[in-house]
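One structure below.
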Amino acid sequence: MAGQPMIEMTNVNKWYGDFHVLTDINLKVEKGERIVICGPSGSGKSTMIRCINRLEEHQSGSIVVDGVELANDVKKIEAIRRDVGMVFQHFNLFPHLTVMENLTLAPIWVRKTPKAEAEANAMKYLERVRIPEQAQKYPGQLSGGQQQRVAIARALCMNPKVMLFDEPTSALDPEMVKEVLDVMVTLAQEGGVTMLCVTHEMGFARSVANRVLFMDRGQIVEENTPEEFFHNPQNARTKLFLSQILAH
Amino acid sequence: MAAVTARAPKSMFDSGLPGWIYRRLFSSPSNALITILLVWLALMTVPAAFDWLVISSVFDAEGTRACRAIDNGACWALILEKHRLILFGLYPYDQQWRPSIVVGLFLVLIGVSCSRRFWNLSLVPIWIVGIVAIAGLMWGGVLGLTFVPNERWGGLPLTLILSVFGMAFAFPLAILLALGRRSDLPIIKTICVTYIELIRGVPLISLLFMASVMFPLFLPEGMSIDKLLRAQIAIIMFAAAYQAEVIRGGLQAISKGQYEAAEALGLGYWQKTGFVILPQALRIVIPPMVNSLIALFKDTSLVVIIGLYDLMNAAKASFVDPAWRGASLEAYVFIGAIYFLFCFFMSKYSQALEAGFARAEKR
Ligand SMILES: Nc1ncnc2c1ncn2[C@@H]1O[C@H](COP(=O)(O)OP(=O)(O)OP(=O)(O)O)[C@@H](O)[C@H]1O
Ligand SMILES: [Mg+2]
């Protein structure tokens, strides 16, 4: 049943002062879709996905998430943020809280889940990201890969409808990239959650994405299935980008 | 194998006490020079101080005659004789058990507030009970206690009232000011900036003076606020402005990522601030905050200028008596020791707190 799309961005524009970061972004993401976004540095990938949960404010156009339009209404913004999980490049775990406290903070205070239930749920997600034994540690005591998996579990504990990933593996040592990608692949294969992922991990894009977007200078210049995108790129800039990124 | 190197030949400087002395104190010409200078300084001062403080001092003088007779020793007889005046000021002599209990209550209140187990909302009722008990004991007029007007309060309890309540009430106010100064709302931001800059630009002593002399001029006819309360408010306002700037420093040190992570989870402003930002910011500012609390504790002695009998003023009162004239140094050493004990505790406590956090979170 094709209901309303999960995310619908229409003619979205954003400026930083004179600098036009996002130009006429139009994007429709269906429920359960998995989208990979790539493009050169500074092309506006982070800015675009951060507009979806209002970490950045757009200046014109409309963004509708699960039927709710993002406007200057704090209550609506908080409602959307509850349903949109985000995983950051630098993890952004709360260093003064244990892993368990990181995972249960929002469920307890935002979702008003009873503490015992929130902890049981958190344990379930820690098992899914394969680090249940670290529950009582502080983030500073974990490796980068473990921290990023905790960050994914933290977002999942809110039962989000959408998950945004902003280069989740690019701050990790190479040997830890796989453990994080494995978790993300599992999540994608289980289905249910709509995923938007900014990444240059092309293997990940090939195996899980329904669509790959290529951004350049604030525009979505190409959008295709992974198969077509990698083997038959249309745009000259996409070709150049792919040749650079696949060269090494 | 080849890695086994021959030990250097043993000399008397290798180990034991001579070795330790050599390595720690004389390892280079400049170190040796510093050591010699310090030893010389110690020889010049320590014996003389010890002589004044202990050997030549008079502890038990019948009256003041023995003290008059000595000229190079401390007259501790003054303290023996006048310690209750210094500690409790002009509080009625036969009622001084009440301020003694108040000092004890303060120590309990400080102890509880310093313990991390109580760092939650239970502190609010604890403080309310504490304040009511302290007020009841000091003023009296209830439960058969005779009424003591606060003009007669003095000494250590008064210093503790001004400083501990000053810190306790300034702290939440300072947090609000620091948050307000970083607010996106221009009105709130302007109010907070104006307040902080205005108060910081004025010395505490003139704030106290204004509170004492000028403030009543602005009040409507017939209405008056007690002098002690005015001084207390001035101290709270002053401390809040300084603490606010210290706390703001901590807020600035928190990375943008922490705000974003909290927001992305759907936490509202107060949840984000209370659970994520403030706990981290306050941790960072423990050393400068304790530094300014120590300064505040000693600054309360400035209430001397509006005639409140805090520890400092009470000490002064102890040697105006012609019989004890000349024993001012002893009184100052005595209250100096009291001030030092409290400040030393604050300093040690802040170190322990920092070490505790570091131990818990990194290993
Ligand atoms: N707060 C800001 N103020 C001004 N310019 C900004 C700001 N944030 C980002 N920009 C600019 O906007 C552009 C897009 O930034 P964005 O972070 O979205 O790029 P990106 O595609 O995610 O790049 P990267 O791969 O390096 O993360 C960049 O040129 C950046 O310099
Ligand atoms: Mg980016």
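The values are calculated or read from the model by the stated rules, or taken from the named source; none is laboratory data. These numbers were taken from a predicted model, which means no experiment stands behind them. In this analysis, Cβ positions are derived from the backbone assuming ideal geometry, glycine residues included, and neighbour counts consider all displayed protein chains. Please note that ligands, DNA and RNA were not included when accessible areas were found on the heavy atoms of the full protein model with its side chains. Shrake-Rupley method; radii C 1.70, N 1.55, O 1.52, S 1.80 Å.
Of B:Ala261, B:Ala231, B:Ala241, all but one fail to be more than 14 Å from every other protein chain (Cβ to nearest Cβ), surrounded by 12 or more Cβ atoms within 10 Å (Cβ to Cβ) and farther than 22 Å from B:Pro288 by Cβ; the exception is B:Ala231.
Return yes when B:Val246 is surrounded by fewer than 17 Cβ atoms within 10 Å (Cβ to Cβ) and more than 12 Å from chain A (Cβ to nearest Cβ) and no when it is not. Taking the combined requirement at face value, the residue does not satisfy it. Taking each residue of the stretch B:86-114 that is part of a helix (DSSP H, G or I) and looking for partners that are open to solvent by 20 Å² or more (accessible area, probe 1.4 Å) and among the hydroxyl-bearing types (Ser, Thr, Tyr) with beta-carbon atoms closer than 7 Å, six or more apart or interchain, yields B:Gln95/B:Thr146; B:Cys114/B:Tyr349. Set side by side, the residues A:Glu56, A:Glu119 differ, and just one is open to solvent by 20 Å² or more (accessible area, probe 1.4 Å) and within 16 Å of ligand 1 (Cβ to nearest atom), which is A:Glu56.
Apart from one condition, B:Pro125 fits all of (1) within 21 Å of B:Leu308 (Cβ to Cβ); (2) surrounded by fewer than 17 Cβ atoms within 10 Å (Cβ to Cβ); (3) not polar (S, T, N, Q); the exception is (1). Do you know which residues across the stretch A:67-99 are part of a loop (DSSP other than H, G, I, E, B), more than 16 Å from ligand 2 (Cβ to nearest atom), touching a residue at least 40 places away in the same chain (Cβ under 8 Å) and open to solvent by 40 Å² or more (accessible area, probe 1.4 Å)? Answer for the stretch A:67-99, where residues must be part of a loop (DSSP other than H, G, I, E, B), more than 16 Å from ligand 2 (Cβ to nearest atom), touching a residue at least 40 places away in the same chain (Cβ under 8 Å) and open to solvent by 40 Å² or more (accessible area, probe 1.4 Å): A:Gly67, A:Pro95. The number of residues in the stretch A:178-203 that are within 16 Å of ligand 1 (Cβ to nearest atom) and away from chain B (no Cβ under 14 Å) comes to 6.
Just one of the listed residues (A:Ile35, A:Ile25) is within 14 Å of ligand 1 (Cβ to nearest atom) and either assigned to a strand (DSSP E or B) or open to solvent by 30 Å² or more (accessible area, probe 1.4 Å) (or both), namely A:Ile25. Pairs are defined by a Cβ separation below 6 Å, a sequence spacing of at least 6 or placement on different chains, a first member in the stretch A:26-53 that is under 19 Å from A:Arg217 (Cα atoms), and a second member that is within 10 Å of ligand 2 (Cβ to nearest atom) and among the small types (Gly, Ala, Ser); the pairs so defined are A:Lys45/A:Gly39. In the stretch A:120-172, the qualifying residues are those that are within 12 Å of chain B (Cβ to nearest Cβ) and among the basic types (Lys, Arg), and the one that is nearest to the chain's Cα centre (by Cα) is A:Arg154. A Cβ distance below 9 Å, combined with a sequence gap of six or more or placement on separate chains, defines the contacts here; from the stretch A:179-192, residues that are closer than 16 Å to A:Leu126 by Cα reach no residue that is among the acidic types (Asp, Glu) and part of a helix (DSSP H, G or I).
The set of residues in the stretch A:100-109 that are crowded, with 24+ Cβ neighbours inside 10 Å and among the hydrophobic types (A, V, I, L, M, F, W, C) comprises A:Leu103, A:Ala106.
Taken over the stretch A:1-22, the criterion of being in a strand (DSSP E or B), of a type in the set (A, V, I, L, M, F, W, C) and farther than 19 Å from A:Ala188 by Cβ is satisfied by A:Met9, A:Val12, A:Trp15, A:Phe19, A:Val21, A:Leu22.
Could you please find all residues in the stretch A:150-181 being open to solvent by less than 30 Å² (accessible area, probe 1.4 Å) and acidic (Asp, Glu)?
A:Asp166
The residue list A:Lys28, A:Lys45 contains one member that is of a type outside the set (A, V, I, L, M, F, W, C), within 16 Å of ligand 2 (Cβ to nearest atom) and either within 14 Å of chain B (Cβ to nearest Cβ) or at negative phi (or both), which is A:Lys45. When the stretch B:249-258 is filtered for residues that are facing chain A (nearest Cβ under 9 Å) and surrounded by 17 or more Cβ atoms within 10 Å (Cβ to Cβ), only B:Gln258 remains.
For A:Ala171, the conditions (1) within 16 Å of ligand 1 (Cβ to nearest atom); (2) under 22 Å from A:Val193 (Cα atoms) all hold with the exception of (2). Filtered by the rule that a residue be open to solvent by 20 Å² or more (accessible area, probe 1.4 Å), in a helix (DSSP H, G or I) and among the small types (Gly, Ala, Ser), the stretch B:315-356 gives B:Ala317, B:Ala323, B:Ser328, B:Gly336, B:Ala337, B:Ser347, B:Ala352, B:Ala355.
What's the total number of residues in the stretch A:42-53 that are near ligand 1 (Cβ under 9 Å from one of its atoms) and open to solvent by less than 30 Å² (accessible area, probe 1.4 Å)? First the steps, then the outcome.
To start, the set of residues in the stretch A:42-53 that are near ligand 1 (Cβ under 9 Å from one of its atoms) comprises A:42-50.
Filter once more, so that each one left must be open to solvent by less than 30 Å² (accessible area, probe 1.4 Å): A:43-45, A:47-50.
Residues in the stretch A:42-53 being near ligand 1 (Cβ under 9 Å from one of its atoms) and open to solvent by less than 30 Å² (accessible area, probe 1.4 Å): 7 in total.
I'd like to know if the stretch A:185-193 contains one or more residues that are away from ligand 2 (no atom under 16 Å from the Cβ), open to solvent by 30 Å² or more (accessible area, probe 1.4 Å) and more than 19 Å from the chain's Cα centre (by Cα). Looking through the stretch A:185-193, none of the residues is away from ligand 2 (no atom under 16 Å from the Cβ), open to solvent by 30 Å² or more (accessible area, probe 1.4 Å) and more than 19 Å from the chain's Cα centre (by Cα). With respect to (1) farther than 20 Å from A:Asn159 by Cβ; (2) at pLDDT 90 or above; (3) more than 16 Å from ligand 2 (Cβ to nearest atom), the lone exception for A:Glu56 is condition (3).
When the stretch A:100-129 is filtered for residues that are of a type outside the set (Phe, Trp, Tyr) and without any contact (Cβ under 8 Å) to a residue 12 or more places away in the chain, the ones remaining, listed by number, are A:Glu101, A:Leu105, A:Ile108, A:Lys112, A:Thr113, A:Pro114, A:Lys115, A:Ala116, A:Glu117, A:Ala120, A:Lys124, A:Glu127. For the criterion of being touching a residue at least 12 places away in the same chain (Cβ under 8 Å) and away from ligand 2 (no atom under 16 Å from the Cβ), A:Val64 passes.
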